[in-house]
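This report refers to the structure that appears directly beneath it.
The values are calculated or read from the model by the stated rules, or taken from the named source; none is laboratory data. As the structure is a prediction and not an experimental result, all values here were calculated from the model. As a convention, Cβ positions derive from the backbone with ideal geometry for all residues, glycine included, and neighbour counts pool all protein chains shown. Ligands, DNA and RNA are stripped out before the accessible areas are found, and what is left, the full protein with its side chains, is counted by its heavy atoms. Shrake-Rupley method; radii C 1.70, N 1.55, O 1.52, S 1.80 Å.
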Amino acid sequence: MNKAALLSEIKPSAFSRTTDLFEKMQEHEQVLFCNDPATGLKAIIAIHDTTLGPALGGTRMRPYATVEEALEDVLRLSKSMTYKCAAADVDFGGGKAVIIGDPAKDKTPELFRAYGQFIDSLNGRFYTGTDMGTVLDDFVHACKETYCIAGLPEEYGGGGETSIPTALGVLYSMKAVARTLWGHEDLRGKRFAIQGLGKVGFKVSEHLLQEGADLYVTDVEQTAIDQVVERAGKLGRTAIAVKGEEIYGVEADFFVPCAVGGIINDHTIGQLKVQAIAGAANNQLLHESHALDLKRKGILYAPDYVVNSGGIMQVSDELYGPNKDRVLAKTKAIYHSLLRVFSEAEEKNITTVEAANLICEQRIQSRKGRNSFFSPRKRAKWQIRH
Ligand SMILES: NC(=O)C1=CN([C@@H]2O[C@H](COP(=O)(O)OP(=O)(O)OC[C@H]3O[C@@H](n4cnc5c(N)ncnc54)[C@H](O)[C@@H]3O)[C@@H](O)[C@H]2O)C=CC1
Ligand SMILES: O=C(O)CCC(=O)C(=O)O
């Protein structure tokens, strides 16, 4: 076929769809669509920025209604991983992956092995572990195909459950908020409205009950709610079950998002009756401008990617060989990182999100030019474990 005939074969609609895709990912280095009909795997891996090192981020599994929805999620999540890695001061860049499917029905060992092969094809540019809808055991299958798994069970030489340091980091963040608002770190008698009682949310609720706090809790799974209510009863504390969206209107000291993103938005901000927000969910604000609405309303917002960086601290640390004390020390330091964010926001009269972004962007900028585009051959230190 000659060139003119070939060009006439390119349909304008197909071309404009391609252009749209590049526009969508203009801030990102690379997006990989993974399709394996034999196992039913449909996944998207997004690499946002590798200035600080190879991309690192968990893999989320959800029954996304459309590919566009999955793409939107993975682009947003991977960008926030770049900031999270910078905030945590680890030598990794931002990436994330989503698997389109129902975690309750669609998981098979073969699907995760196929996924592992796609990760391996990136040759060290992307490391991954758990997120919403995935558990450590899924990655035991994936790691048969690739060395780029960070977040394996302890019996496989990994650091174990990442939700443990993530939940601890949320607790230390709440203490930093308490110090800023009330001049002390005591959470006894404070009231927390928790949305999402999964791997992280459940552990956060346990920490808070141990601290002597009282809870309002919600989840889409009734069993998750029942577990926390029962646990609170055993510890002589209160956990009141709240239905779905009612969690936004609960009168409490903290709102604690530990489920999906985008839940701080025009619809919910007006309902909030809390003094602070600190939770594990990624991308809590639908738009960054919602941080200003919270500031105007007098709600202290602890930026999500600083609060929930305990998991990333553990998985990045795992490549040096797991060490719980090292991870604990790094996780506790989230307290000081947040105090710095709060004081810079106050000093510059900007939102806490703007303050956190500035700190991270300065950190990334200072590495630009020193870390060229990541290549495993140039950065042999990432082969430590292997
Ligand atoms: N697992 C980790 O170490 C980290 C998790 N995160 C983020 O924290 C959040 C929670 O993660 P995991 O606990 O690992 O996930 P998970 O899948 O174990 O738990 C999520 C929980 O939220 C519930 N849920 C989902 N939609 C809900 C809704 N609309 N309202 C109320 N509950 C709802 C689910 O039923 C489930 O119990 C996610 O946004 C995740 O990206 C962030 C950093 C690290
Ligand atoms: O838990 C992990 O494997 C990586 C951490 C992550 O994806 C996150 O912090 O959102």
Selected residue [in contact (Cβ under 8 Å) with a residue 24 or more places away in the chain, in a helix (DSSP H, G or I), open to solvent by less than 10 Å² (accessible area, probe 1.4 Å) and closer than 22 Å to Ile334 by Cα] from Gly151, Gly169
Gly169
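Test Thr162 against the criterion of being touching a residue at least 12 places away in the same chain (Cβ under 8 Å) and either assigned by the TED database to the domain that holds Asp73 or among the β-branched types (Val, Ile, Thr) (or both), and give yes or no. Spell out the reasoning first.
Numbers: touching a residue at least 12 places away in the same chain (Cβ under 8 Å): yes; either assigned by the TED database to the domain that holds Asp73 or among the β-branched types (Val, Ile, Thr) (or both): yes.
Criteria met by Thr162.
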Looking at region 122-135, I want the residues that are on the phi > 0 side of the Ramachandran plot and have a partner that is within 16 Å of ligand 2 (Cβ to nearest atom) and at pLDDT below 90 with Cβ atoms under 7 Å, at least 6 apart or on another chain. Which pairs are those?
Gly124/Trp382
Report the residue count in region 176-210 for those that are farther than 16 Å from Pro257 by Cα and open to solvent by less than 60 Å² (accessible area, probe 1.4 Å).
7
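Of all strands (runs of 3 or more DSSP E) completely enclosed by region 199-278, which ones contain at least 1 residues that are over 28 Å from Leu292 (Cα atoms)?
Details: elements: 214-218, 239-241, 254-257.
The qualifying strands (runs of 3 or more DSSP E) are 214-218, 239-241.
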Can you tell me how many residues in region 327-355 are more than 18 Å from Lys175 (Cα to Cα) and under 21 Å from the mean Cα position of the chain (by Cα)?
5
In region 308-317, what residues are buried (at least 24 other Cβ atoms within 10 Å of the Cβ) and farther than 13 Å from Gly57 by Cβ?
Gly310, Met313, Gln314
Single condition Val327 does not satisfy, out of (1) in contact with a Ser or Thr (Cβ under 6 Å, 6 or more places away or on another chain); (2) of a type in the set (A, V, I, L, M, F, W, C); (3) within 13 Å of ligand 1 (Cβ to nearest atom); (4) part of a helix (DSSP H, G or I):
(1)
What residue, among those in region 58-81 that are within 14 Å of ligand 1 (Cβ to nearest atom) and in contact with a helix residue (DSSP H, G or I) (Cβ under 9 Å, 6 or more places away or on another chain), is most open to solvent (accessible area, probe 1.4 Å)?
Arg62
Would you mention how many residues in region 20-60 are of a type in the set (A, V, I, L, M) and within 16 Å of ligand 2 (Cβ to nearest atom)?
8
Does region 283-290 contain any residue that is over 30 Å from Gly212 (Cβ atoms), open to solvent by less than 30 Å² (accessible area, probe 1.4 Å) and either among the acidic types (Asp, Glu) or near ligand 1 (Cβ under 10 Å from one of its atoms) (or both)?
yes
